[in-house]
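Visitor: Take this structure first; my questions come after.
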Amino acid sequence: MTNWIWASISILSVFICTALQWGSTNHHQVPGDEWTRDQFMSWRASAIEENRIALLDIDESSIEKIGAWPWPRERIADLIELSISEYQAKGVALDIFFSEPKDKNGDQRLASLSQFGPIVLAQALDYTKNRPWPVQLGELHQPNFPAPPIAAQATGFLGNHSLLAKKGFAGNIGYLPDQDGVLRRLPTVSHFEGFYYPTLSLALFDCCASPTNKKTVVNKTLEMVDKQGFSRVNYSKQLNAYLVIPASRILNRELPTGYLRDKLIIIGSSSLSLSDRVTTPLYYSTNGFLVHAQALTNLLDMQEGKIIVQWPGALIALLYTVLIAIVTMFTFPRYSALFNTSLLVFAALCWIAIASRLSLHDPDFSINAPLFSVFFLLSVSVPFGWSRSQRRSRRLLGTLEQYVAQSVVRELLRSDLKDPLKPRTLPITTLIADMEAYTTQVSQLSITESAQLTRDFLECLTAPVLDHGGTLDKYTGDGLVAFWGAPLAVDGHADLAINAAIEMVRNVQEFSRRRQEQGLLPIRVRIGIESGIAIAGDFGSSLRSIYTAVGDSVNVASRLEDTARHYPHDIIIGEGAVKLATKHQFISLGERKLRGKEHATTIYTVSVN
């Protein structure tokens, strides 16, 4: 291809990134963006203790100990009063609202606490459009909260009953999950019928946090919203980072006085019976009040000066894509498909590393846009590389290199065989090797250790096969099958197989010695060798095939390998191989009836020293 075509392709990759970044007002529509961002957030989430917040959990154990839900309002008031007076919490927010009055004394106590104490009650605004009729239950607090630059537009509400909906603080616990059901954003401030309602975490912060920089943090938070008035929750803490206390321990006074000193409290429930469960980027199903705790952590971090500086994520993504386009414009015409593929994979991995950091500083840019550009370039570079590459092999020769020595492959390429993998009857020598007591060896090992043992053992067996010109038929888990004499006929194939076997035994003995020095069990290999006529070729189905050998001599080699368990010798050799071998001295082990054979067979071994 000419250079101008490559330049056009590179420019098109930049256009793809640009279109994904700015082609839509909603960047979250780019496929996979939110999932990728969720993974980054999960990686960053810290388990370091959050000592400024405590969560009082009306959990299953509390319901079992204190009584079935709903609890009397008196009990809720007790929970709040004890948290503030005896345990010295700085402020309390409820992730529960009370649409209807119940016990009069309890409601009056809650009303008094909400008007005069550091208490934030809950109310839930609704954001569902096109309902047949709006949701309106109870009454909304009339807040004294300033109008933000952008507010989420609510369509209905679930509020408290009239006695509680008076002066004091109230926070919105309503939310609108993304289309995949994951709760990633909260409405920072919502607008409904002329009033503005802060989310629960912002209301608790405004009510009860330290006055230091409070106004600055509130104003900064109001600016960090999208065009719909929602802000992304930075799930910076794992659940185990929060102090979660069963409500029963507070009500039963099981904690020391001052245990919650200067902490901000959110009262909610993890009980399945209360159905307050949500899906977040960190957890498929978690407590709803944990979302507000995460948002409150973000506010407190900002108050302590841990402000996340905003970076131009979309611009950085575009510049990165331009850089990749310029580099590939140079490399595509000059280097191999493997080089270009490796380069693009490396570029994609580098971008993932950059984006994982960048996503913290820009909540809206498209993370995956540069990856789509890279994948586009990859789809072009591979065909280009293959069109330039020189191939000199027939069908399956490339696959054959995986289990045949390079020298054999080169000889096949030099030969003029029309179909070297076609099944043919040939005299071959088969070698079958296996680890003795493999199950015992791995029984006390981990999966990783077992896999490493198997790999190391097969390394001891594989190199001798290839070094002596053998064909590696297959691995059998903890062993292998190999043969000599196919696909190319070779003189002295029995001696070559025996040489490979001797080298295998020496390799395994050395490997076993190293293991024993480490206090591990010794390793022994069992090897069976036999020569004879077999059919060797490409066998299988239309879906998958393999180059292998089948025949009686192959079966005998397998029986000989199994017979080695009864002898102190690692190598057992059959009569056929002994007759063909001319370079070794053999030791007769007498006759033995092999499984599946009518008559006894004389078997031999050979010295490995």
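The values are calculated or read from the model by the stated rules, or taken from the named source; none is laboratory data. Nothing here was measured: the structure is a model prediction, and the numbers come from that model. Note that each Cβ is placed from the backbone with ideal geometry, even for glycine, and that neighbours are counted across all protein chains shown. Protein only, heavy atoms only, side chains kept; ligands, DNA and RNA dropped before computing areas. Shrake-Rupley method; radii C 1.70, N 1.55, O 1.52, S 1.80 Å.
Visitor: Which numbered condition trips up I76, out of (1) surrounded by 16 or more Cβ atoms within 10 Å (Cβ to Cβ); (2) within 15 Å of L296 (Cα to Cα)?
Guide: For I76, the failing item is (2).
Visitor: May I pose another question? Hey, L318 hits all of (1) crowded, with 20+ Cβ neighbours inside 10 Å; (2) in a loop (DSSP other than H, G, I, E, B) but one; which does it fall short on?
Guide: Condition not satisfied by L318: (2).
Visitor: Now for a separate question. Suppose we keep only residues that are out of contact with any helix residue (DSSP H, G or I) (no Cβ under 6 Å at 6 or more places or on another chain) and among the aliphatic types (A, V, I, L, M) within the range 344-370. Which one would you say is farthest from V327 (Cα to Cα)?
Guide: Within the range 344-370, the match that is farthest from V327 (Cα to Cα) is L360.
Visitor: Within the range 340-378, restricting attention to residues that are polar (S, T, N, Q) and touching a residue at least 24 places away in the same chain (Cβ under 8 Å), which residue is surrounded by the fewest Cβ atoms within 10 Å (Cβ to Cβ)?
Guide: Only one residue tops the list, namely T341.
Visitor: Test D59 against the criterion of being of a type outside the set (F, W, Y), over 14 Å from Y242 (Cβ atoms) and open to solvent by 10 Å² or more (accessible area, probe 1.4 Å), and give yes or no.
Guide: No: the conditions fail for D59.
Visitor: When only residues in the range 148-163 that are modelled with pLDDT of 90 or more and polar (S, T, N, Q) count, which is surrounded by the most Cβ atoms within 10 Å (Cβ to Cβ)?
Guide: Result: N160.
Visitor: Now for a different question. At pLDDT below 95, basic (K, R) and over 24 Å from N287 (Cβ atoms), is that true of K104?
Guide: Criteria met by K104.
Visitor: Just checking, does the range 545-559 include any residue being aromatic (F, W, Y) and at pLDDT below 90?
Guide: yes
Visitor: Oh, and also: So which of S336, S381, S387 ends up being of a type in the set (G, A, S), at pLDDT below 90, open to solvent by less than 30 Å² (accessible area, probe 1.4 Å) and more than 26 Å from I307 (Cα to Cα)?
Guide: Answer to the selection: S381.
Visitor: Among the residues of the range 228-250, which ones are outside any strand (DSSP E or B), open to solvent by less than 30 Å² (accessible area, probe 1.4 Å) and under 29 Å from A77 (Cα atoms)?
Guide: Those that are outside any strand (DSSP E or B), open to solvent by less than 30 Å² (accessible area, probe 1.4 Å) and under 29 Å from A77 (Cα atoms): A241, A247, S248, I250.
Visitor: Please work out which residue is surrounded by the fewest Cβ atoms within 10 Å (Cβ to Cβ), limiting yourself to the range 263-276 and to residues that are of a type in the set (A, V, I, L, M, F, W, C) and touching a strand residue (DSSP E or B) at 6+ places or on another chain (Cβ under 6 Å).
Guide: I267
Visitor: Can you name the strands (runs of 3 or more DSSP E) wholly within the range 552-609 that have at least 2 residues being surrounded by 12 or more Cβ atoms within 10 Å (Cβ to Cβ) and within 48 Å of the chain's Cα centre (by Cα)?
Guide: Those strands (runs of 3 or more DSSP E) span 571-573.
Visitor: Sticking with this one: Suppose the filter is touching a residue at least 24 places away in the same chain (Cβ under 8 Å) and assigned to a helix (DSSP H, G or I); does T548 pass it?
Guide: no
Visitor: So for the range 81-97 (the condition being open to solvent by less than 60 Å² (accessible area, probe 1.4 Å), under 45 Å from the mean Cα position of the chain (by Cα) and among the hydroxyl-bearing types (S, T, Y)), does at least one residue qualify?
Guide: yes
Visitor: State all residues of the range 446-458 that are over 25 Å from the mean Cα position of the chain (by Cα) and either over 14 Å from G479 (Cα atoms) or among the aliphatic types (A, V, I, L, M) (or both); if no residue qualifies, say none.
Guide: Those that are over 25 Å from the mean Cα position of the chain (by Cα) and either over 14 Å from G479 (Cα atoms) or among the aliphatic types (A, V, I, L, M) (or both): L453, L458.
Visitor: Only one residue in D38, D33 is farther than 18 Å from L319 by Cα, in contact with a strand residue (DSSP E or B) (Cβ under 9 Å, 6 or more places away or on another chain), open to solvent by less than 50 Å² (accessible area, probe 1.4 Å) and at pLDDT 85 or above. Which one?
Guide: The unique qualifying residue is D38.
Visitor: For the structure I just gave you, tell me whether R185 is of a type in the set (D, E, K, R) and open to solvent by less than 40 Å² (accessible area, probe 1.4 Å).
Guide: yes
Visitor: I need every pair where a residue in the range 434-451 that is under 13 Å from P522 (Cα atoms) and of a type in the set (D, E) has its Cβ under 9 Å from the Cβ of a residue that is open to solvent by 100 Å² or more (accessible area, probe 1.4 Å) and modelled with pLDDT of 90 or more, sequence separation at least 6 or different chains.
Guide: Cβ pairs passing all conditions: E436/R565.
Visitor: Given the conditions (1) in contact with a helix residue (DSSP H, G or I) (Cβ under 8 Å, 6 or more places away or on another chain); (2) surrounded by 15 or more Cβ atoms within 10 Å (Cβ to Cβ); (3) at negative phi, which single one is not true for G168?
Guide: Unmet for G168, out of (1) in contact with a helix residue (DSSP H, G or I) (Cβ under 8 Å, 6 or more places away or on another chain); (2) surrounded by 15 or more Cβ atoms within 10 Å (Cβ to Cβ); (3) at negative phi: (3).
Visitor: Which of the following residues is closer than 26 Å to V309 by Cα and open to solvent by less than 20 Å² (accessible area, probe 1.4 Å): P211, P198?
Guide: P198
Visitor: Among residues belonging to the range 567-590 that are β-branched (V, I, T) and out of contact with any helix residue (DSSP H, G or I) (no Cβ under 6 Å at 6 or more places or on another chain), point out the one that is nearest to V505 (Cα to Cα).
Guide: I573
Visitor: In this structure, does K104 turn out to be without any contact (Cβ under 8 Å) to a residue 12 or more places away in the chain and touching a helix residue (DSSP H, G or I) at 6+ places or on another chain (Cβ under 9 Å)?
Guide: Yes: the conditions hold for K104.
Visitor: I need the full set of residues from the range 509-537 which are more than 17 Å from L431 (Cα to Cα), touching a helix residue (DSSP H, G or I) at 6+ places or on another chain (Cβ under 6 Å) and open to solvent by less than 50 Å² (accessible area, probe 1.4 Å), in order please.
Guide: Selection gives F511, I523.
Visitor: Pick from the range 98-137 the residues that are under 17 Å from F157 (Cα atoms) and of a type in the set (D, E, K, R): which of them is surrounded by the most Cβ atoms within 10 Å (Cβ to Cβ)?
Guide: Among those that are under 17 Å from F157 (Cα atoms) and of a type in the set (D, E, K, R), it is D126.
Yes or no, residue by residue, for (1) buried (at least 23 other Cβ atoms within 10 Å of the Cβ); (2) modelled with pLDDT of 90 or more; (3) in a helix (DSSP H, G or I):
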| position | (1), (2), (3) |
| --- | --- |
| R261 | no, yes, no |
| V278 | no, no, no |
| Y283 | no, no, no |
| A293 | yes, yes, yes |
| M302 | no, yes, yes |
| I307 | no, no, no |
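Visitor: Pick out, from the range 1-95, the helices (runs of 4 or more DSSP H) lying fully within it that include 1 or more residues that are over 22 Å from N160 (Cα atoms) and touching a residue at least 12 places away in the same chain (Cβ under 8 Å).
Guide: So the answer is 3-22, 33-44, 60-66.
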